[in-house]
């Protein structure tokens, strides 16, 4: 969508999208949440993202130039799909998994998702979570918004929601709606999973080019969930380890290698349809146009890797560290030649290298869309970096990821990695205008 199209398609600061929170009441008119549902959930007919010119942030009026900068920073609309999948990968992440609280009902779940949808639309415009926001409410009550993003632009914020296998049980009457493939991921060789950093009824992926904007989003969505859902675990990430557009350079991971060279790009619609989006014939109706999200917290044994000679690092990865080219020759974007041999007859790309085992040519053509991030969470009790890769991927079926992960069971890189967290969620399509995320699932 062009800038002009975004402007004309979206509600401005005085439009319906900024009117009131669906969980509360309009302060001036006493309008109920149910009355506002048709007005408050974004102006785009096919996407969570509203490419609106946000004229108010934290209750302060912006000048025209500043408002335009906010508009330009809003992540572009993504059709029927949620933002944060094919959107150009931002530099920072705050990911959170949630569990619904005991004794919550289907109505509680529907209300939470409606409130989250309303708030997400505002946050992605660079607005506070409600019209009163951080500074405009009663001095005798806690502010609606925590305020740490006042004055900051939208920073390309995207917010993506997912539903975990555990959500589909008798608590909410969703047993018959669970997709057949939506099961807890099986145990993989080398897993050392922490149950307190795995799974969850719901998940939210917040990505932005400003870390404070991403943290602000999760912080406020968690506040909105109070009494209905609690955070099970969360993860901060920095330094993207993939790209989704040709204009983005290939980033490097904490091992120093280019990561995501062959990732699926946003303009490759055929590859997205074949590998990422769930079609109407491949899942329940409520998931058509959606995808499946896998998150894996992968600890890297940084100190061990740093003491490994360069030639061995290249062998393990299957690529040249400097240029990112496959060891069979060429440049970064040259297709690996797994039949190429050196003067002694040995394969130039080791059969157990990461590139060899993960490549579509060796896995029946399976491809996934990656959106991973680096993380450093201080040091361990042994004084080593508590660091690694927060792996995120989108694929049209969980079986595709499972097949690839099993193929990596003999990966030479496994000596330097520990998989310590894991989760799988179904990611529904973006809601229609006036609806909330998951409306197709809940029939709301």
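The values are calculated or read from the model by the stated rules, or taken from the named source; none is laboratory data. Values in this document were obtained by computation on a predicted structure and should not be read as measured data. Here Cβ is always computed from backbone atoms with ideal geometry, including for glycine, and neighbour counts include all displayed protein chains.
A few points about this structure:
- Of the numbered criteria (1) surrounded by fewer than 24 Cβ atoms within 10 Å (Cβ to Cβ); (2) out of contact with any helix residue (DSSP H, G or I) (no Cβ under 7 Å at 6 or more places or on another chain); (3) modelled with pLDDT of 95 or more; (4) over 30 Å from residue 420 (Cβ atoms), the one residue 115 fails is (2).
Results for (1) within 25 Å of residue 424 (Cα to Cα); (2) under 25 Å from the mean Cα position of the chain (by Cα), shown as yes or no for each residue.
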{"position": "139", "(1), (2)": "no, no"}
{"position": "147", "(1), (2)": "no, yes"}
{"position": "153", "(1), (2)": "no, yes"}
{"position": "158", "(1), (2)": "yes, yes"}
{"position": "161", "(1), (2)": "yes, yes"}
{"position": "165", "(1), (2)": "yes, yes"}
{"position": "173", "(1), (2)": "yes, no"}
{"position": "179", "(1), (2)": "yes, yes"}
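- As a summary of the residue check, residue 176 satisfies the conditions (1) more than 21 Å from residue 81 (Cβ to Cβ); (2) in contact (Cβ under 8 Å) with a residue 40 or more places away in the chain; (3) outside any loop (DSSP other than H, G, I, E, B) except for the one numbered (2).
- Restricting region 71-112 to residues that are at pLDDT below 95, in contact with a helix residue (DSSP H, G or I) (Cβ under 8 Å, 6 or more places away or on another chain) and not in a loop (DSSP other than H, G, I, E, B), the residue that is nearest to residue 437 (Cα to Cα): 71
- Residue-level check: of (1) free of Cβ contacts under 8 Å to residues at least 60 places away in the same chain; (2) under 22 Å from the mean Cα position of the chain (by Cα); (3) more than 26 Å from residue 306 (Cα to Cα), residue 432 misses just (1).
- Options 440, 388: the member that is in a helix (DSSP H, G or I) and under 29 Å from residue 161 (Cβ atoms): 440
- Exclusive hit being free of Cβ contacts under 8 Å to residues at least 24 places away in the same chain, at positive phi and not in a helix (DSSP H, G or I), set 345, 324, 260: 345
- Any chance residue 291 is touching a strand residue (DSSP E or B) at 6+ places or on another chain (Cβ under 9 Å), buried (at least 21 other Cβ atoms within 10 Å of the Cβ) and over 21 Å from residue 91 (Cβ atoms): yes
- Boolean, residue 369 is buried (at least 20 other Cβ atoms within 10 Å of the Cβ), modelled with pLDDT of 95 or more, within 29 Å of residue 90 (Cβ to Cβ) and in contact with a strand residue (DSSP E or B) (Cβ under 8 Å, 6 or more places away or on another chain): yes
- Single unsatisfied condition, residue 246 versus (1) surrounded by 15 or more Cβ atoms within 10 Å (Cβ to Cβ); (2) touching a residue at least 12 places away in the same chain (Cβ under 8 Å): (1)
- Any hit, region 118-128, residues being in a loop (DSSP other than H, G, I, E, B), surrounded by fewer than 24 Cβ atoms within 10 Å (Cβ to Cβ), in contact with a strand residue (DSSP E or B) (Cβ under 9 Å, 6 or more places away or on another chain) and at pLDDT 95 or above: no
- Selection status of residue 333, closer than 21 Å to residue 298 by Cβ, outside any helix (DSSP H, G or I) and out of contact with any helix residue (DSSP H, G or I) (no Cβ under 7 Å at 6 or more places or on another chain): no
- Residue ID - farthest from residue 269 (Cα to Cα), chosen from residues in region 366-383 that are part of a loop (DSSP other than H, G, I, E, B) and in contact (Cβ under 8 Å) with a residue 24 or more places away in the chain: 372
- Leading residue by the ranking (surrounded by the most Cβ atoms within 10 Å (Cβ to Cβ)) among those in region 186-200 that are closer than 18 Å to residue 394 by Cα and in contact with a helix residue (DSSP H, G or I) (Cβ under 7 Å, 6 or more places away or on another chain): 199
- For region 307-323, the criterion of a residue being within 18 Å of residue 253 (Cα to Cα), surrounded by 14 or more Cβ atoms within 10 Å (Cβ to Cβ) and touching a strand residue (DSSP E or B) at 6+ places or on another chain (Cβ under 7 Å) is satisfied by at least one position.
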